[in-house]
Amino acid sequence: MAEAVAPLRIALAGHVDHGKSTLVGRLVYDTGSLPEGKLEAIRASSAKRGMPFEWAFLLDAFQAERDQGITIDTTQVWLKTAKRAYTLVDAPGHKEFLRNMVTGAAAADCALLVVDAKEGVREQSRRHAYLLGLLGLSQILVAVNKMDLVDYDQARFAEVARAIEAYLDSLGVAPRAVVPVSGREGDNVAARSAAMPWYHGPTLVEAIDGFRPPIPPVDQPLRFPVQDVYKFDERRILAGRVESGRLRRGDTLVFSPGGRKARVASIEAWPEDRRPDEAEAGRSIGITLDDPIFVERGQIGHLEGSGPVETNSLRARIVWLGRQPLVRGKRYKLKLATAEHQVEVQTIERVIDTADLASRPADAVSAGEIAEVVLRARATLVVDDAKILPRTGRFVLVDGFDVAGGGTVALDGHPRARREGIRSTNVKRVEGRIGLAERWQANGHKSGILWLTGLSGAGKSTLAVELEQHLFRKGWHVTVLDGDNIRHGLSADLGFAPEDRAENIRRVGEVAALIARSGMIVITAFISPYRADRDRVRRIAPDLFHEIHVAADLATCERRDPKGLYAKARAGQIPEFTGISAPYEAPEAPDLVVDTARNGLDACLGQLSAYVERSLGKVEESS
């Protein structure tokens, strides 16, 4: 008797004409899963065309597929072994139908990759293997098909197996098994083949039964994307689908972005006479809250302490399918769960050649190409790592009105990502009795934050201490916050990962704003590579913030290399080093640009001093 477990979804992939449809037709037949009367229909269809019996007709449902001998659309077939039920999602192998292959594989739990024993590993074999990895399918089984065409030769099988195993290994995937089969003859499909006595591994059915069931969505962290908000009688109902986890009446939900919290007062279901106490992953429901907080479509409800990531910029791995190339600087619509955002392609980090995994820089990505990109949005994106929670870690990109690409979120290197955290409660801002204008009057000048940003080696710290000394000698109230000094104390607990950099800049921005509001001039010297982080500091004290770009090209900074950091970064000793292995986003509209590559120290200092005099000025004493 089969185990009472949910059917596993198996994506079927492989190069065109490698016999995938034939193999699956035989697999369905040999496991007794063929619907009654289907075998006779296949025989009749083959005879009508004057063709030998063709197992592929079981899956190739369209007339065009029968005429051309290729699979165009995805086809789903039920399969049942003695152990478990499966859903086979047959995806087209031809490069012109790559969109359908991605669609078919996106919801799968595991994959079967078919390779022709005679032709070996081809371009589409590699491309499909890469796409399976891109979609997070780590359980992959390989069937080396058409062994009858190579006379069941052991050496040829070993050669093909080594090639595909080496490629999968380069993707960080170890196949569960590589099985030599003949779909047409049934060798090693459900029963061992007498023609291959040298093979001692599992049959294809045994290998399929070895797939591990995925972690049930109900056992994953709660994600409840809000689809819409409705008003019924006195109830305000938040409708949506529980994508993962379990939601219970009485749970305190946090809604991201924003962080507003409220308790679930009721779970609404239809028909209305049934109000469940909980809802599991996969169920569409409505909820009411005990506090009428503002919640809107696109926000994601979750439990405290296990929330998604909030970010304005993310690194993603995409497959591009659009009619027009994806280009750097262009804006697209990103759809993830129920949210839609306008995003800009900030960087195309590399386009990947799936044949040998070589990469190249590019300003555009053509249809069928795979790339790693950085996308930036003005609004806050709420995402999860696709490897952990694919339902809120995968997205599509829309160009105009067409779905032009799909991708997965990769949170292992970029960007300013921060997890939902516990915010301080029961706190109230204390306002002093001395106004800022009074402090300016007493000091004789205005206060402000002079935010010096630029690459390491551009001269930020040098200019900061020189300017501090210059202003101090003139009687100005001034201090410096330097990156290295902050790292010794206030941010000693932080590393240099993107999320740590973001937190470091946030802390510095808050401290700088406090000092500036006391009437002093604060000069900061931080690389602060991301625009969103600097914009966040500007929002803390918009009237006091002055963004100053200390500009020097990378070659100049490397030539200076005052701390020897570039050399270490080039040697791979420092990961995520700005300008080498991590991006620097130059200010788009800085208040001042100081070019230290073209001008000497005195000229740059004079430029800074003139700007301070002009912007913060002297304040005349009142009569």
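Highest first, please rank the peptides 533-541, 443-451, 14-22 by the mean number of other Cβ atoms sitting within 10 Å of their residues. Intermediate results must be reported in sequence, preceding the final value.
Details: 533-541: 18.1, 443-451: 22.3, 14-22: 24.1.
The densest-packed peptide leads the list: 14-22, 443-451, 533-541.
Rank the residues 146, 387 as a footprinting-exposure proxy: fewest other Cβ atoms within 10 Å of their Cβ go first. Before the final figure, lay out each step's value.
Values: 146 24, 387 14.
The order, fewest Cβ neighbours first, is 387, 146.
Spin-label point model (7 Å from Cα, Cβ direction): what's the residue 588 to residue 535 distance in nm?
About 0.6 nm, to one decimal.
I need the phi-derived Karplus couplings for region 397-406: 6.51 cos²θ - 1.76 cosθ + 1.60, θ = phi - 60°, integer Hz, Gly and Pro marked x.
10, 10, 10, x, 10, 10, 5, 10, x, x
Taking neighbour counts of Cβ atoms within 10 Å as a proxy for exposure, in what order, fewest first, do 480, 160 appear? Present the calculation step by step, with values, prior to reporting the outcome.
Numbers: 480 18, 160 25.
Sorted ascending by nearby Cβ count, the order is 480, 160.
Scan around residue 521 for amide H atoms under 5 Å from its own, H built in the peptide plane at 1.01 Å from N, and keep only partners 5 or more places away or cross-chain.
HN-HN under 5 Å from residue 521: 448, 477, 478, 479.
At 7 Å along Cα-to-Cβ for each site, give me the label-to-label distance between residue 554 and residue 360 in nm.
Label-label distance for residue 554 and residue 360, simple model: 1.9 nm.
What Kirkwood hydrodynamic radius do you get for region 217-303 when you take the inverse of the mean 1/r over all pairs of distinct Cα atoms, in Å?
On the way: mean 1/r = 0.0796 Å⁻¹.
Mean inverse Cα-Cα distance, inverted, gives 12.6 Å.
In what order do 198, 270 fall by count of nearby beta-carbon atoms within 10 Å, going from fewest to most? Working shown, then result.
On the way: 198 12, 270 9.
Final ranking by Cβ density, sparse to dense: 270, 198.
Suppose every Lys and Arg Cβ carries +1 and every Asp and Glu Cβ carries -1, with no other charges. What dipole size does region 557-623 come out with about its Cα centre, to the nearest 20 debye? Display every interim value, and only then the final one.
Numbers: 8 positive and 11 negative charges, 96 e Å.
Approximately 460 debye in magnitude.
With a Förster radius of 56 Å, plug the Cβ-Cβ distance of residue 236 and residue 462 into 1/(1 + (r/R0)^6) and report the FRET value to the nearest 0.05. Mind dumping the intermediate values first?
On the way: r = 58 Å, r/R0 = 1.03.
Here the calculated transfer efficiency is 0.45.
In terms of modelled amide H atoms, which long-range or inter-chain residues lie less than 5 Å from the amide H of residue 283?
HN-HN under 5 Å from residue 283: 242.
Determine the gain in length on full extension of the stretch residue 398-residue 517; use 0.36 nm per residue of separation and subtract their C-alpha separation, reporting nm with one decimal.
Numbers: separation 119, 0.36 × 119 = 42.84 nm, distance 4.47 nm.
38.4 nm is the gain from fully extending residue 398 to residue 517.
Got a sec to turn the phi values of region 117-123 into Karplus ³J(HN,Hα) couplings, 6.51 cos²θ - 1.76 cosθ + 1.60 with θ = phi - 60°, whole Hz, x for Gly and Pro?
For region 117-123, the Karplus-derived couplings read 5, 7, 7, x, 6, 10, 4 Hz, x marking Gly and Pro.
Dividing the alpha-carbon radius of gyration of region 459-509 by 2.2 N^0.38 Å (N being the number of residues), what value is obtained?
Values: Rg = 13.2 Å, N = 51, 2.2 N^0.38 = 9.8 Å.
Its radius of gyration relative to the 2.2 N^0.38 Å reference: 1.35.
Compute the distance in nm between two label points, each set 7 Å from the Cα along the Cα-to-Cβ direction, one at residue 507 and one at residue 490.
0.9
Values quoted throughout were computed directly from the atomic coordinates according to the rules given, and no laboratory measurement underlies them. Note that this is a predicted model, so its numbers are computed, not measured. So basically every Cβ, Gly included, is an ideal-geometry build from the backbone, and we count neighbours across all protein chains shown.
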